[in-house]
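In what follows, a single structure is set out as structure tokens and then discussed.
The values are calculated or read from the model by the stated rules, or taken from the named source; none is laboratory data. All figures in this text were calculated on a predicted structure; none of them were measured in a lab. FYI the Cβ positions are ideal-geometry reconstructions off the backbone, even for glycines, and counts take in every protein chain you see. To get the accessible areas, we keep the full protein, side chains included, count just its heavy atoms, and leave off ligands, DNA and RNA. Shrake-Rupley method; radii C 1.70, N 1.55, O 1.52, S 1.80 Å.
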Amino acid sequence: MTVGEMLVATVPMARTLNLEFLETTAERAVVRLPDQAEYHNHVGGPHAGAMFTLAESASGASVIAAFGDQMSRAVPLAVKAEIGYKKLAMGEVTATATLGRPIAEVVAQLDAGERPEFPVAIEIRRADGAVTGEMTVVWTLRPNS
């Protein structure tokens, strides 16, 4: 099962919004929100909440792809998120998430008994390539014990 398939199977909001996980690697994740009238806002584009969920889901896919081998000893949790809506989004939108710290550095903190935090940067783009939003989610790996 791919990271995207696992998230669709286990995260109801990903399923509800019909998110499409196009790429999930340790370096980045790319997730698309199809154009769906039931999730439009008052100007006919994707609702801000749907775009937030898209971007947060891309960040989570990135985290799971990067740290999936650590799940037996730590739980990934979003600590905080900040989003900026830059341009009007219309039609389908795609979020690309990129891990903000080297994986080895984060794992070394976990190995040292710390609870590492790390940012994931996300860009949301329209089909024409214009950036409609930018988001940063700070994640942690909370040790199980």
Rank-order 32-45, 119-132 by packing density, defined as the average count of other C-beta atoms within 10 Å over each peptide's residues, highest first.
119-132, 32-45
Compute the relative contact order of segment 1-120 as a whole-number percentage, counting only Cα pairs closer than 8 Å that sit 6 or more residues apart in sequence.
28 percent
Under 14 Å, Cβ to Cβ, from residue 17 - net charge with Lys/Arg +1 and Asp/Glu -1:
-3
What net charge do the residues around residue 119 carry, taking every other residue with its C-beta under 11 Å from that of residue 119, with Lys and Arg at +1 and Asp and Glu at -1?
0
Give me the 1.4 Å probe accessible area per residue for the chain, excluding ligands and nucleic acids, in Å².
50 Å²
Would you mind working out the magnitude of the charge dipole of segment 53-120 relative to its Cα centre, with +1 at each Lys and Arg C-beta and -1 at each Asp and Glu C-beta, to the nearest 20 Debye?
200 debye
By average C-beta atoms within 10 angstrom, highest first, the peptides 89-96, 52-59, 68-75
52-59, 89-96, 68-75
